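Supplied in structure tokens, the structure appears directly below.
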Amino acid sequence: MSAPGRIYAIDVREIEQLLRADAERLAWELLPACRRDGHYLVIGSLAGEPGQSLKINVDGPNRGMWTDFSQSSGSGFLGGDCLHLIRLVLFNGEMGEAIKWAKSWLKIDDLDPARLDIRRRDARAAAEASALKDREVKEQKRRRAVALWMGSAPIGGTPAEYYLRGRGITVEALGKWPGSLRFHPEVYNKDEQVKMPAMVAGMFTPDGRHVATHRTYLRWDPARGWVKIDSPNAKMVLGACGGSFIPLRKGASGKSMADMPADEPVYIAEGIEDALTVAIAKPDLRIVAGYSLPNIGSIVWPEHVRTMVLLADRDTKPKAIDALERVIARQQARGMHVKRVLPPIGFKDFNEWLQRGGAGERAA
């Protein structure tokens with residue numbers, strides 16, 4: 001028999017896994033004002049007021065992970081796992097107290113060695129099952145993403161072409177449409193809960209693996225023609241896009257990224273439209289679109305790619321400026337030489353400059 005009150009050690013990772021297995025019950029206890037929204041419980045913030053800025057995943061392979069979009073930290077939006085949620089909600093950031101509370105909540109703070117071993121095995125089994133499910137879900141999404149792109153048509157003569165023409169981007173100016181861009185007339189939009197036309201774009205890792213498909217949902221406007229839908233989620237990604245990009249122009253060499261010259265820089269913009277705007281002016285550049293700043297920061301370029309030119313938006317908001325600086329710092333930490341190019345003052349991005357009469361060549 002174990003001595004009364006004796007506490008046996010359990011690895012923090014095992015504690016976290018046990019918490020994740022019961023993430024929904026934990027979230028309701030920590031933040032009782034939250035509400036269910038699909039795979040998430042949502043609430044205003046860590047303070048516990050009603051709202052939807054803080055999202056806690058309580059289903060699927062990312063169960064237990066959370067993000068508070070109302071706040072930012074040095075690495076992006078504030079977020080983390082179950083233990084970090086406990087320490088911030090209950091203990092003002094003190095992890096030691098959070099671990100003690102978690103062990104008590106899980107009822108493993110006074111287990112004897114035999115019972116603790118059983119819980120430890122349960123934690124390992126749950127972690128392995130979660131990792132397997134995570135891989136399966138990601139692969140299923142990747143296959144769906146590839147199937148969507150493969151089942152789409154070249155954009156010439158489609159609403160996708162007319163949408164880009166409305167943004168000042170024409171095939172006459174480009175010479176040809178990038179092969180990564182396609183059009184599908186019926187792509188499901190989970191927010192609108194209907195199928196609608198969309199420009200779709202393949203997203204590839206630097207080694208050429210198709211991992212996700214970007215979707216720009218379109219609608220017909222009698223006054224303006226084909227435009228993006230009026231929604232914050234007009235652009236979405238199917239699949240795990242982390243570290244990937246949309247290839248749009250191979251540059252003067254015309255070679256794949258694996259075979260490109262070592263001294264050739266890669267020009268990257270967040271959006272497809274900005275990247276194509278620069279491609280119009282400078283067709284000899286290697287240009288890709290990275291979808292978002294955090295994603296651009298996560299790209300691990302091949303060893304022979306040494307220079308990245310970031311075609312950045314001109315955003316004056318402190319959070320946006322901080323996000324841009326973090327991307328640059330992350331890439332520099334990997335040994336990349338990073339250059340930043342901005343549109344003129346008064347224009348948010350390069351495509352806006354083009355649409356409002358800016359000279360494309362000067363923009364590039």
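The values are calculated or read from the model by the stated rules, or taken from the named source; none is laboratory data. Keep in mind that what you see is a predicted model, and the values were worked out from it rather than measured. Note that we place each Cβ from the backbone using ideal geometry, even for glycine, and neighbour counts take in every protein chain shown. When the accessible area is computed, the model is the full protein with side chains, heavy atoms only, and any ligands, DNA or RNA have been set aside. Shrake-Rupley method; radii C 1.70, N 1.55, O 1.52, S 1.80 Å.
Just to confirm my filter: which strands (runs of 3 or more DSSP E) fall fully inside segment 223-294 and include at least 2 residues that are without any contact (Cβ under 8 Å) to a residue 60 or more places away in the chain?
Working: elements: 225-228, 235-239, 246-250, 266-269, 286-289.
Per the criteria, 235-239, 266-269, 286-289.
Need pairs with beta-carbon distance below 6 Å; first residue under 15 Å from GLY239 (Cβ atoms) and within segment 137-162, second at pLDDT below 95 and of a type outside the set (A, V, I, L, M); sequence gap 6+ or separate chains.
Here the result reads VAL137/PRO61; LYS141/GLY239; ARG142/GLY239; ALA145/GLY239, each pair linking segment 137-162 to a residue that is at pLDDT below 95 and of a type outside the set (A, V, I, L, M).
If you scan segment 107-149, which residues turn out to be at pLDDT 90 or above and more than 27 Å from THR205 (Cα to Cα)?
Correct list: empty.
Take the residues in segment 306-360 that are among the acidic types (Asp, Glu) and assigned to a loop (DSSP other than H, G, I, E, B); name whichever of them is surrounded by the fewest Cβ atoms within 10 Å (Cβ to Cβ). Even if it seems obvious, please write down each step before you answer.
The initial filter retains those residues of segment 306-360 that are among the acidic types (Asp, Glu), namely 313, 315, 322, 325, 349, 352.
Filter again for assigned to a loop (DSSP other than H, G, I, E, B), leaving 313, 315, 349.
Working: ASP313: 19, ASP315: 15, ASP349: 22.
Here the residue is ASP315.
With the condition kept exactly as written, say whether any residue in segment 120-132 is in a strand (DSSP E or B) and buried (at least 19 other Cβ atoms within 10 Å of the Cβ). Outline the logic, then answer.
If we filter segment 120-132 for residues that are in a strand (DSSP E or B), which is where we start, we get none.
Within segment 120-132 (the criterion being in a strand (DSSP E or B) and buried (at least 19 other Cβ atoms within 10 Å of the Cβ)), the answer is no, since none of the residues qualifies.
For segment 283-305, how many residues are open to solvent by 20 Å² or more (accessible area, probe 1.4 Å) and over 11 Å from the mean Cα position of the chain (by Cα)? I'd like the intermediate steps shown before the answer.
First, the residues of segment 283-305 that are open to solvent by 20 Å² or more (accessible area, probe 1.4 Å): 283-285, 291-294, 298, 300-304.
Narrowing the set further to residues that are over 11 Å from the mean Cα position of the chain (by Cα) leaves 283-285, 300-304.
Residues flagged as open to solvent by 20 Å² or more (accessible area, probe 1.4 Å) and over 11 Å from the mean Cα position of the chain (by Cα) within segment 283-305 amount to 8.
Moving on. Which condition number in (1) without any contact (Cβ under 8 Å) to a residue 60 or more places away in the chain; (2) open to solvent by 30 Å² or more (accessible area, probe 1.4 Å); (3) assigned to a loop (DSSP other than H, G, I, E, B); (4) closer than 30 Å to ALA323 by Cα is the one that TRP177 fails?
(4)
Being open to solvent by 60 Å² or more (accessible area, probe 1.4 Å) and either assigned to a strand (DSSP E or B) or in contact with a Lys or Arg (Cβ under 8 Å, 6 or more places away or on another chain) (or both) is the filter here; which residues of segment 25-51 pass it? It would help to see each step written out before you state the result.
Restricting attention to segment 25-51, the residues satisfying the condition of being open to solvent by 60 Å² or more (accessible area, probe 1.4 Å) are 25, 28-29, 32, 35-37, 39-40, 47, 49-50.
ARG35, ARG36, ASP37, TYR40, PRO50 - these are the residues of segment 25-51 that are open to solvent by 60 Å² or more (accessible area, probe 1.4 Å) and either assigned to a strand (DSSP E or B) or in contact with a Lys or Arg (Cβ under 8 Å, 6 or more places away or on another chain) (or both).
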